[in-house]
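Only one structure is covered here, and it is reproduced in the block below.
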Amino acid sequence: MAKLETVFVTGATGFLGSHLVECLAHRGAAISILARGRPDRLSQEIPRLNVVRGDLSHAFSISDASTVFHLAAQAHVGHALDDPSQTFETNTAGTITVLEAVRRSPSVEKFVFVSTAHVYGTPRYVPIDEEHPVHAQEPYAASKLAAEAFISAYSTAYGIPTAIARLFNTYGPRQHPDFVVPSIIRQALTHDSLTMGNLAPTRDFTYVDDVIEALLRLADAGQGIYNVASGVEVSIEALVTRVAQILGKRITVASQRARRRSAAIEIDRMWADISRITALGWQPHVGLSEGLTRTIEWWRENL
């Protein structure tokens, strides 16, 4: 994987980005990251780390990286609903800023972008493959879909090799507590009853380590759009049951209408066909019970 010897990462201090940087550092890569200030969320023991001061709202340069991983984003659907303009500036206009840096760079050979399965909207069929029609039902999905369109345009117009990862539901240590898995775990560790939104929707959960390996595989061999998921459909109710089993406790669950997404934007089923990325030699290795156990142990130490 020669393309991974020198890399540039946006969103390096976030949930997914911090795991990616740690994995790349373990492999001996020289890593540059875009950050406003000190990258305090990253381990201080990462060697060969170069911090480029800046953010997605201002032009910056990429001088010597062969692969760019663009992960920086407003990734919270609720926050995007509250502030769609800022979501566009971060997710769409910010992606153009990164693409411009890539276009001007003499060294970049591959651009890897983290998108979302939300671009599919309410599925017409499941499991969802990459040929499924796209339909953005809320601002977060729209901002990512627009970013994908610009990436495709830059790839065609300027000859930039690109790979787009449409992530379903990633989970693991260090994820923001507002997301569904940490929300369930945090409540279950401290209470015998949980307050949730709608329990019926299904999701396709993938442990963060598997997602990182998928991104590395796409950097090495991907071209175009790929679903990144486990290929297993699990309801939110079943997820709560699995967490309770791991903790060995009885948990009651209340579904609160105020916590539910509106029917206009709720997606009832998110279940991926992952045959396209598995054809590249990638497979998820961490099952749901093992991944939840690892995540629970991290939250035990970090509540």
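The values are calculated or read from the model by the stated rules, or taken from the named source; none is laboratory data. Model, not experiment: these values are computed from the prediction. So basically every Cβ, Gly included, is an ideal-geometry build from the backbone, and we count neighbours across all protein chains shown. Accessible surface is based on the protein model in full, side chains and every heavy atom, while ligands, DNA and RNA are left aside. Shrake-Rupley method; radii C 1.70, N 1.55, O 1.52, S 1.80 Å.
Of the residues Val112, Val126, only one is under 23 Å from Thr10 (Cβ atoms) and in contact with a strand residue (DSSP E or B) (Cβ under 9 Å, 6 or more places away or on another chain); which?
Val112
Spot the failing condition for Ser107; the list is (1) open to solvent by less than 40 Å² (accessible area, probe 1.4 Å); (2) free of Cβ contacts under 8 Å to residues at least 12 places away in the same chain, and only one is missed.
Among (1) open to solvent by less than 40 Å² (accessible area, probe 1.4 Å); (2) free of Cβ contacts under 8 Å to residues at least 12 places away in the same chain, Ser107 violates only (2).
If you take just the strands (runs of 3 or more DSSP E) that sit entirely in the range 204-296, which of them hold at least 3 residues that are farther than 29 Å from Phe69 by Cα?
On the way: elements: 205-207, 224-228, 252-255.
Counting at least 3 such residues, we get 252-255.
Identify all residues within the range 185-240 that are of a type in the set (S, T, N, Q), in contact (Cβ under 8 Å) with a residue 60 or more places away in the chain, out of contact with any Pro (no Cβ under 8 Å at 6 or more places or on another chain) and surrounded by fewer than 23 Cβ atoms within 10 Å (Cβ to Cβ); write none if there are none.
Listed by number, the residues that qualify are Thr190, Ser193, Thr195, Asn198, Thr202.
List the pairs whose first member sits in the range 157-183 and is free of Cβ contacts under 8 Å to residues at least 40 places away in the same chain and assigned to a loop (DSSP other than H, G, I, E, B), whose second member is surrounded by 18 or more Cβ atoms within 10 Å (Cβ to Cβ) and not charged (D, E, K, R), and whose Cβ atoms are under 7 Å apart, counting only residues at least 6 apart or on separate chains?
Cβ pairs passing all conditions: Pro177/Ser183.
For the range 110-119, enumerate the residues that are assigned to a helix (DSSP H, G or I) and free of Cβ contacts under 8 Å to residues at least 60 places away in the same chain.
The one that is assigned to a helix (DSSP H, G or I) and free of Cβ contacts under 8 Å to residues at least 60 places away in the same chain: Val119.
When you scan the range 18-75, how many residues do you find that are in a loop (DSSP other than H, G, I, E, B) and among the hydrophobic types (A, V, I, L, M, F, W, C)?
Total meeting the criteria: 12.
Can you work out which of the residues in the range 157-184 that are within 22 Å of Asp220 (Cβ to Cβ) and of a type in the set (Ser, Thr, Tyr) is surrounded by the fewest Cβ atoms within 10 Å (Cβ to Cβ)?
Selected residue: Tyr158.
Test Val77 against the criterion of being β-branched (Val, Ile, Thr), surrounded by 14 or more Cβ atoms within 10 Å (Cβ to Cβ) and closer than 17 Å to Leu167 by Cβ, and give yes or no.
So Val77 fits the description; yes.
List, please: which pairs have Cβ atoms under 9 Å, are six or more places apart or on different chains, and start with a residue in the range 77-95 that is part of a helix (DSSP H, G or I) and end with one that is surrounded by fewer than 21 Cβ atoms within 10 Å (Cβ to Cβ) and among the β-branched types (Val, Ile, Thr)?
Val77/Ile265; Leu81/Ile265
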